[in-house]
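The block underneath contains the structure these notes are about, expressed in structure tokens.
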Amino acid sequence: METTPTQDNLLRGGQFLVQETNCEAIFTPEDFSEEQRMMIDSVKEFVDREIWPHKARFEQKDYALTLEVMKKIGDMGLLGVAVPEAYGGLGMGFVTTMLVCDYISGATGSIATAFGAHTGIGTMPITLYGNETQKQKYVPKLASGEWFGAYCLTEPGAGSDANSGKTKAVLSEDGQHYLISGQKMWISNAGFCQLFIVFARIEDDKNITGFIVENDPSNGISMGDEEHKLGIHSSSTRQVFFNQTKVPVENMLSDREQGFKIAMNALNVGRIKLAGACLDAQRRIITNAVQYANQRIQFKTPIAQFGAIKSKIAEMASAAFVDESATYRASKNIEDRIALRIAEGNSHQTAELKGVEEYAIECSILKVSVSESAQHCADEGIQIYGGMGFSAETPMESAWRDARITRIYEGTNEINRMLCVGMLLKKAMKGHVDLLGPAMAVADELTGIPSFETPDYSAPFSQEKAIIHNLKKVFLMVSGQAVQQYGPELEEHQQLLLAASDIMINIYMAESGLLRAEKTMKNDQQKGLDQLALAQLYLYHSVDTIIQKAKEGIISFSEGDSQRMMLMGLKRFTKYTHHPNIIELRRSIADKVIAANHYPF
């Protein structure tokens, strides 16, 4: 029976670093309800019928096909999966909205981008920040696919620094309209949308303001040509120019100067949704790669039987498994936090905004880790195909190009890495996460006498859980000393922040895979053992990464006895008592994928 979330049993965002998580407390794909499984089957059937067979057309910049498919997605009700029923949507929970995003996005990045831009940053700002009149007027049209939305934030001089935009909104003399003038770029869905969410500055305000702007070319709105892009070829991407565009004052979104807050909260949701959009792409790449490897004969043997190919298949599968585990873990945390706030009397708008904002750290972690896994997966897919992988006749070439943008939009991975640590420290200062106590305990442990007893790790998961526990000490050791060394100036030391974030990211991802495997084993031992192998392989690489990043950080801000003590602590905290046989792990994982002839986990 599922436990009702309470303040006591639901970890806050970032608390995974300082508190142990019981495997029963996390949600996994094995926990999908029958309704959710039926939803997955329906979406997969649609993608296999309407999208996958037409990949070649999507690569030929067939924008009309993208619009046609988006309308069909709207007819299925999937554009409104996250929209409350009162506004024409399905009113599904956050996990269900994630799984729809996951499975609708795997066949081509063009639909993934069009779907994400419309349902996320095109519709969500009105759903969550609009007043009742605005929601009744616009959201049902967006939820059905009668209208499509786009999001105008980025400008030539305002990318990561979103609040520095130059677009102006000037109140008309009669006080009835704002006149918006400015240039926006990289606007997804611009070529076929009926509605823009536009951010502009009123007078000399410190922060930008959001507006709902109907797309009417006769109202001072013009567009550049479709951009020629590396990937996502059939995703409409254009510059949009506003020249004294009249916007009724009642179309201001939320309050004046709330635009930056709207933009940042939209990005939080966009980041975890982007992670979701990369999941089925990985599954499909692995499935196509292993099917090719089983068919491709060299030296009278299917190349799938060669150790070098098995190594690649196993690593791809391990990353895909962990990515899925972590994404749905965080998604359910968000859903539970939303439910908790609603139970406490919050409105749907406030509950969803605060529920996602609570896990902004995890959203950034997932955006970074899963986007990089997806790119690596596609790269290895090309390598398994060999020369054919470089050909546009196979699905790997387009998958690689489409994956590349995921490390850039929704905030570059570099920005998100630094945000991870920065947001955690802000939570600590607000008392939401106790970092000081655990960090001091680790500092005391460094000066204490270590135990020389050999732990008993005969039980499944015992060594892995101990390693995760110790990796959290590494983060606390490095971040605690860095904060002590630099204080408020820590944000100026970007390379150190990047190193600390990589430690944090690897902890969350590796822990998520292990917790899922441990929970699975309680119900299905063989499946749990299969998942444990995937999680062990991922953890092994995470330990190596954390050693490298922690050493890099320690040497950068310490010297003498302090440095020697921390390096000794690092060695102690990353020690395996019994090293896993990585070659055997890869072989066992790959053999299961090869035998299934698809991604089976």
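I'd like to check which helices (runs of 4 or more DSSP H) are fully inside segment 464-574 and have at least 2 residues that are surrounded by fewer than 23 Cβ atoms within 10 Å (Cβ to Cβ), touching a Ser or Thr at 6+ places or on another chain (Cβ under 8 Å) and modelled with pLDDT of 95 or more.
Result: 494-521, 525-557.
Would you check which residues across segment 341-373 are surrounded by fewer than 18 Cβ atoms within 10 Å (Cβ to Cβ) and of a type outside the set (D, E, K, R) and list them?
Ile342, Ala343, Gly345, Asn346, Ser347, His348, Gln349, Thr350
Given Ala263, Ala293, which one is under 24 Å from the mean Cα position of the chain (by Cα) and crowded, with 19+ Cβ neighbours inside 10 Å?
Ala263
Can you spot a residue in segment 217-226 that is in contact with a Gly (Cβ under 9 Å, 6 or more places away or on another chain), assigned by TED's automatic domain parsing to the domain that holds Ala162 and either assigned to a strand (DSSP E or B) or not hydroxyl-bearing (Ser, Thr, Tyr) (or both)?
Yes - at least one qualifying residue is present in segment 217-226.
On the given criteria, is Ala308 closer than 30 Å to Gly122 by Cα, of a type outside the set (S, T, N, Q) and not in a loop (DSSP other than H, G, I, E, B)?
No, not satisfied.
Can you give me the number of residues within segment 403-441 that are over 17 Å from Leu496 (Cβ atoms), among the hydrophobic types (A, V, I, L, M, F, W, C) and in a loop (DSSP other than H, G, I, E, B)?
Of the residues in that region, 2 qualify.
Looking only at segment 396-409, decide whether some residue is buried (at least 16 other Cβ atoms within 10 Å of the Cβ), within 26 Å of Tyr508 (Cα to Cα) and of a type in the set (Val, Ile, Thr).
Looking through segment 396-409, at least one residue is buried (at least 16 other Cβ atoms within 10 Å of the Cβ), within 26 Å of Tyr508 (Cα to Cα) and of a type in the set (Val, Ile, Thr).
Looking at Ala314, is it surrounded by fewer than 17 Cβ atoms within 10 Å (Cβ to Cβ) and part of a helix (DSSP H, G or I)?
For Ala314, the condition - surrounded by fewer than 17 Cβ atoms within 10 Å (Cβ to Cβ) and part of a helix (DSSP H, G or I) - is not met.
Each row is one residue, and each column tells you yes or no for (1) surrounded by fewer than 13 Cβ atoms within 10 Å (Cβ to Cβ); (2) hydrophobic (A, V, I, L, M, F, W, C); (3) not assigned by TED's automatic domain parsing to the domain that holds Cys193.
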residue	(1), (2), (3)
Gln134	no, no, yes
Thr154	no, no, no
Gly157	yes, no, no
Thr167	no, no, no
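Residues checked against (1) assigned to a loop (DSSP other than H, G, I, E, B); (2) among the β-branched types (Val, Ile, Thr); (3) modelled with pLDDT under 95; (4) more than 30 Å from Pro395 (Cα to Cα):
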residue	(1), (2), (3), (4)
Val43	no, yes, no, no
His54	no, no, no, no
Ala86	no, no, no, yes
Met92	yes, no, no, yes
Met98	no, no, no, no
Gln134	no, no, no, yes
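Would you confirm whether or not segment 111-121 contains a residue that is crowded, with 24+ Cβ neighbours inside 10 Å, of a type in the set (Phe, Trp, Tyr) and at pLDDT 95 or above?
yes
Mind checking whether some residue in segment 351-362 is out of contact with any helix residue (DSSP H, G or I) (no Cβ under 8 Å at 6 or more places or on another chain), closer than 30 Å to Phe16 by Cα and not charged (D, E, K, R)?
Scanning segment 351-362, I find no residue that is out of contact with any helix residue (DSSP H, G or I) (no Cβ under 8 Å at 6 or more places or on another chain), closer than 30 Å to Phe16 by Cα and not charged (D, E, K, R), so the answer is no.
Looking only at segment 425-442, decide whether some residue is outside the structural domain of Lys571 (by TED's automatic domain parsing), surrounded by 14 or more Cβ atoms within 10 Å (Cβ to Cβ) and over 29 Å from the mean Cα position of the chain (by Cα).
Looking for residues that are outside the structural domain of Lys571 (by TED's automatic domain parsing), surrounded by 14 or more Cβ atoms within 10 Å (Cβ to Cβ) and over 29 Å from the mean Cα position of the chain (by Cα), one finds none in segment 425-442, hence no.
Pull up segment 211-249, narrow it to residues that are of a type in the set (A, V, I, L, M) and in contact with a Lys or Arg (Cβ under 7 Å, 6 or more places away or on another chain), then point me to the one that is nearest to Thr108 (Cα to Cα).
So, considering only residues that are of a type in the set (A, V, I, L, M) and in contact with a Lys or Arg (Cβ under 7 Å, 6 or more places away or on another chain), the one nearest to Thr108 (Cα to Cα) is Leu230.
Looking at the structure I just gave you, is Glu324 assigned to a helix (DSSP H, G or I) and farther than 30 Å from Gln298 by Cα?
yes
What residue, among those in segment 324-356 that are under 24 Å from Asp31 (Cα atoms) and acidic (Asp, Glu), is modelled with the lowest pLDDT?
Glu352
For segment 342-354, indicate whether the set of residues that are part of a loop (DSSP other than H, G, I, E, B) and not polar (S, T, N, Q) is non-empty.
Checking segment 342-354: at least one residue is part of a loop (DSSP other than H, G, I, E, B) and not polar (S, T, N, Q).
Criterion first (of a type outside the set (S, T, N, Q), in a helix (DSSP H, G or I) and at pLDDT 95 or above) does Leu274 satisfy it?
Against the criterion (of a type outside the set (S, T, N, Q), in a helix (DSSP H, G or I) and at pLDDT 95 or above), Leu274 qualifies.
Go through (1) surrounded by fewer than 22 Cβ atoms within 10 Å (Cβ to Cβ); (2) in contact with a strand residue (DSSP E or B) (Cβ under 7 Å, 6 or more places away or on another chain); (3) assigned to a helix (DSSP H, G or I) for Tyr138 and report which single condition fails.
(1)
Among the residues of segment 53-72 satisfying the criterion of being surrounded by fewer than 16 Cβ atoms within 10 Å (Cβ to Cβ) and of a type in the set (A, V, I, L, M, F, W, C), which is farthest from Gly116 (Cα to Cα)?
Across segment 53-72, the extreme among qualifying residues is Ala56.
Find all pairs meeting these conditions: Cβ atoms under 6 angstrom apart; at least six residues apart or on different chains; first residue within segment 566-593 and of a type in the set (Gly, Ala, Ser); second residue surrounded by 15 or more Cβ atoms within 10 Å (Cβ to Cβ) and in a helix (DSSP H, G or I).
Here the result reads Gly569/Leu446; Gly569/Met477; Ser588/Ala533; Ala590/Lys310; Ala590/Ile313; Ala590/Ala314, each pair linking segment 566-593 to a residue that is surrounded by 15 or more Cβ atoms within 10 Å (Cβ to Cβ) and in a helix (DSSP H, G or I).
If I ask for residues that are surrounded by 15 or more Cβ atoms within 10 Å (Cβ to Cβ) and either over 28 Å from the mean Cα position of the chain (by Cα) or closer than 16 Å to Ser311 by Cβ (or both), which ones from segment 588-601 would you list?
Within segment 588-601, Ser588, Ile589, Ala590, Asp591, Lys592, Val593, Ile594 qualify.
For Ser234, are the conditions met, namely being part of a loop (DSSP other than H, G, I, E, B) and hydroxyl-bearing (Ser, Thr, Tyr)?
Yes: the conditions hold for Ser234.
The values are calculated or read from the model by the stated rules, or taken from the named source; none is laboratory data. All values derive from a computational prediction rather than experimental measurement. Note that each Cβ is placed from the backbone with ideal geometry, even for glycine, and that neighbours are counted across all protein chains shown.
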